[in-house]
Amino acid sequence: MPPIRIVLCRPSHPGNIGAAARAMKAMGLADLRLVQPERFPAPEAQWMATNAVDVLEAARVHATLREAIADCEAAFALSARAREWSPQVLDVRSAAARAVEMNALVAFVFGNETAGLTNEEVFACQFLVHIPSNPQFSSLNLAQAVQVVAYELRMCVDVAMPFARVEKRATVEDLEGLYAHLEEAASASGFMAPNSRLRERWRRLFSRVPALEREEVNILRGLLKALMTPKHGGDERQE
Ligand code: SAH
């Protein structure tokens, strides 16, 4: 994950600061800045942070937003409301992709729970980011907005499940071997009518399986072979 900073401007509820710290840590972010928090440190922040108290304790407090983002290469302002005048508008997914692509220190800036960000704060940033939501009720809880941003950032860098087994993918050659084998079985069994579209059909079918594994092709071919052999020994049986 690139070094991405989360900035909360004038948060009123310390519980939201703690919940934001937790949301960040769960997605691998650690740089939290607070601009004029109403009350901090506070026990509610600790409770809501649970095991993310390290992120909370490392949080730095600033007098102004400008100071909090001075060393960043770009800042993304989060707003629930569309504004007539604003920097370039991005949806949250595109903003996360842009931030990760930059691979530099960038900040995501959030507003106060009731008032949001001021125009001046929005224009201190280079982008205005919106989380798609119900137009009649577009405002998320502050920490939940932080969670959505942190999650989108995570999705950009880490889409694969780290513990999922990775198998060798089938190649074009493997697939062609399977098609030839299917054709052989279909002809030998009399299943394939002379002018049938079967060949196109199974190519179409397998084109919708994007990550077919070599082992899966081998299983199908093993089955075809077994079906084509009248008396089959046990040594190729699949468990
Ligand atoms: N009533 C305020 C919203 C405050 S919610 C307003 O209308 O602006 C607290 C903060 O969470 C917002 O300032 C913004 O940074 C973020 N947030 C909440 N909902 C959001 C949304 N749909 N899109 C982008 N940011 C949002």
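The values are calculated or read from the model by the stated rules, or taken from the named source; none is laboratory data. Small disclaimer: the values here were computed from a predicted structure and weren't measured. Every residue, glycine among them, receives a Cβ derived from its backbone with ideal geometry; neighbour counts consider all protein chains shown. Areas reflect the complete protein model, heavy atoms only, side chains present, ligands, DNA and RNA absent. Shrake-Rupley method; radii C 1.70, N 1.55, O 1.52, S 1.80 Å.
Quick look at the numbers
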{"quantity": "Residue 167 accessible area, 1.4 Å probe, all protein chains in place, Å² to nearest 10", "calculated": "60 Å²"}
{"quantity": "Rg ratio (alpha-carbon, reference 2.2 N^0.38 Å) - region 1-76", "calculated": "1.02"}
{"quantity": "The chain - charge dipole about Cα centre, Lys and Arg +1 at Cβ, Asp and Glu -1, debye rounded to 20", "calculated": "540 debye"}
{"quantity": "For the chain, average projected area of the Cα convex hull in nm²", "calculated": "20.1 nm²"}
{"quantity": "Longest to shortest principal axis, alpha-carbon extents of region 172-233, angstrom", "calculated": "34, 33, 15"}
{"quantity": "Residue-averaged [θ]222 nm for the chain, counting only DSSP H segments that reach four residues, each worth -39500 (n - 2.57)", "calculated": "-13500 deg cm²/dmol"}
